[in-house]
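> Just passing along the structure, written as structure tokens.
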Amino acid sequence: MPFNFPLRKIIHVDMDAFYASVEQLDNPELKGKPVAVGGGGKRGVVSAASYEARVFGVRSAISGTVARKRCPELIFVKPRFDRYKEISKQIRKIFYEYTDLVEPLSLDEAYLDVTENKKGVLSASLLAEEIRERIFQKTGLTASAGISINKFIAKVASDYNKPNGQKTVNPEEVIPFLEGLDIRKFYGVGKVTAEKMYQLGIFEGHDLKHKTVEYLTTHFGKSGAYYYNVVRGIHLSEVKPNRIQKSIAAERTFFDNITSEIYMLEKLEHIAEELEKRLKRSKISGKTITLKIKYSDFTQQTRSKTIQYFISDKHLILETAKKLLFQEKPKNSVRLLGISLGNLNNVAKKETEKIQKSVSVQLKFEF
């Protein structure tokens, strides 16, 4: 099927169980054992899990208590973010040997546009293999990769042959690949959305493709148009080497659930103070204050207010956060509070010249 938009050669590189793999790398006694990075105590949460732990259903974001029940032999280690950042920098340095069009998503994954690359290699698949090998040689860690015509398909593909594998979806394979894909594998379709799609008889890509954009918009709002496009291989977002930070946040999880509003206000003061420090380090201010509340039953609420001027002062942030807290009485005991500042003034500061050149649809692809 010919596409009526420019095609790119995009690689999505995703490190395999990054945090847990770093811990196993630095401590050989952990190799081959179920490892969880995070807290294993009463209030602990799993940040990452090794593949040995995932066999037992241990995943990131579940509580340490649940993780231990699923895997009694689970070994918890405290996160060492300085170490993860150190290795992440080494990996990114490798990326820049191939292209300047690198868009990091986190410490352990990134998009690379290699349509035109520093090695002059036509095959994006060969480049991905070389990049993965270079990462292993440099760090001793394995990575997986997805290669295709846009960011969406590349990200989906990178999860296809994990761990330590890669998947290429050539232009002529895009539609069959997407049509046969389980709807849960579509990037952007979470657990709740997947359940709703099941109720509507949407189980795979071909089911989604049979729905009109009007139908999808009716049931999924603005996301409906996104689903309509991506199942047809349409995703025009470019690899952005200078991603603009959209918000800065600080939050705290409490050892014991709290119910006292006075105690919540005390915690908010500390959070606002930490947020001010982060804003000053980044030399950024913003207009939209968002209060995040996570309850003891793990349900979550956010409340936001946008003011007319940019702020970064902790007292002004706290003043608005307090109003948001008292806007509605918390419905349950609280396990986490957070404050974020959005609508930042960094957009104009970081506006950069586009360095990507549009590529003709007729560009010869050799994946």
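The values are calculated or read from the model by the stated rules, or taken from the named source; none is laboratory data. Quick caveat: nothing in here was measured; it's all calculated off a predicted structure. Quick reminder, even Gly has a Cβ in these numbers, built from the backbone with ideal geometry, and neighbours come from all protein chains shown.
> If a residue has to be of a type in the set (Gly, Ala, Ser), free of Cβ contacts under 8 Å to residues at least 40 places away in the same chain and more than 22 Å from PHE18 (Cβ to Cβ) to count, how many in region 100-133 make the cut? Give the steps one after another, and end with the answer.
Filtering region 100-133 for residues of a type in the set (Gly, Ala, Ser) gives 106, 110, 120, 123-125, 128.
Next, from what is left, pick out any that are free of Cβ contacts under 8 Å to residues at least 40 places away in the same chain: 106, 120.
Within this subset, residues satisfying the condition of being more than 22 Å from PHE18 (Cβ to Cβ) are 120.
Qualifying residue count, region 100-133: 1.
> Which ones in region 222-264 are touching a helix residue (DSSP H, G or I) at 6+ places or on another chain (Cβ under 8 Å), of a type outside the set (Val, Ile, Thr), without any contact (Cβ under 8 Å) to a residue 60 or more places away in the chain and closer than 23 Å to TYR111 by Cβ?
Matches in region 222-264: SER223, ALA225, TYR227, TYR228, ARG232.
> Additional query: Within region 134-160, how many residues turn out to be under 17 Å from the mean Cα position of the chain (by Cα) and either in a helix (DSSP H, G or I) or free of Cβ contacts under 8 Å to residues at least 12 places away in the same chain (or both)?
So the answer is 8.
> Considering every residue within region 67-81, establish whether at least one is part of a strand (DSSP E or B) and within 30 Å of ASN117 (Cα to Cα).
no
> Output the residue which, of all residues in region 200-259 that are among the hydroxyl-bearing types (Ser, Thr, Tyr) and closer than 25 Å to ARG8 by Cβ, is farthest from the chain's Cα centre (by Cα).
TYR228
For every residue, the table says whether it meets (1) more than 22 Å from ASP159 (Cβ to Cβ); (2) at pLDDT below 95.
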| position | (1), (2) |
| --- | --- |
| ALA49 | no, no |
| SER60 | no, yes |
| PRO79 | yes, yes |
| GLU116 | yes, yes |
| ALA124 | no, no |
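> Also: Suppose we filter THR142, THR65 for residues that are touching a Ser or Thr at 6+ places or on another chain (Cβ under 8 Å), surrounded by fewer than 19 Cβ atoms within 10 Å (Cβ to Cβ) and of a type in the set (Val, Ile, Thr); which single one remains?
On the way: THR65 fails: touching a Ser or Thr at 6+ places or on another chain (Cβ under 8 Å).
Just a single option satisfies the conditions, and that option is THR142.
> When you look at TYR263, is it of a type outside the set (S, T, N, Q) and under 30 Å from ASP182 (Cα atoms), yes or no?
Judged against the criteria, TYR263 is not a match.
> For region 46-61, which positions are surrounded by fewer than 19 Cβ atoms within 10 Å (Cβ to Cβ) and in a loop (DSSP other than H, G, I, E, B)?
Answer for region 46-61, where residues must be surrounded by fewer than 19 Cβ atoms within 10 Å (Cβ to Cβ) and in a loop (DSSP other than H, G, I, E, B): VAL55, PHE56, GLY57, ARG59, SER60, ALA61.
> Give region 171-198 a look and list any residue that's surrounded by 15 or more Cβ atoms within 10 Å (Cβ to Cβ) and touching a residue at least 60 places away in the same chain (Cβ under 8 Å), or say none.
Within region 171-198, PRO171, VAL174, ILE175 qualify.
> While we're on this one: What are the residues in region 25-45 that are buried (at least 22 other Cβ atoms within 10 Å of the Cβ) and not in a loop (DSSP other than H, G, I, E, B), if any?
VAL35, ALA36, VAL37, GLY38
> Output the residues belonging to region 157-175 that are in contact with a helix residue (DSSP H, G or I) (Cβ under 8 Å, 6 or more places away or on another chain) and among the basic types (Lys, Arg).
Hit for region 157-175 is LYS167, nothing else.
> Sticking with this one: If a residue has to be under 21 Å from LEU7 (Cα atoms) and buried (at least 17 other Cβ atoms within 10 Å of the Cβ) to count, how many in region 105-139 make the cut?
11
> In region 110-123, which residues are closer than 15 Å to GLU97 by Cβ and outside any strand (DSSP E or B)?
Listed by number, the residues that qualify are VAL114, GLU116, ASN117, LYS118, LYS119, GLY120, VAL121.
> Does LYS364 count as out of contact with any Phe, Trp or Tyr (no Cβ under 8 Å at 6 or more places or on another chain), at pLDDT 90 or above and among the basic types (Lys, Arg)?
So LYS364 does not fit the description; no.
> Follow-up question, since we're still on this one. Look through region 228-271, keep the residues that are under 15 Å from GLY342 (Cβ atoms) and among the small types (Gly, Ala, Ser), and return whichever of them is surrounded by the most Cβ atoms within 10 Å (Cβ to Cβ).
This residue is ALA250.
> Out of region 31-51, which residues are closer than 16 Å to THR142 by Cα and not charged (D, E, K, R)?
Across region 31-51, the qualifying residues are GLY32, ALA48, ALA49, SER50, TYR51.
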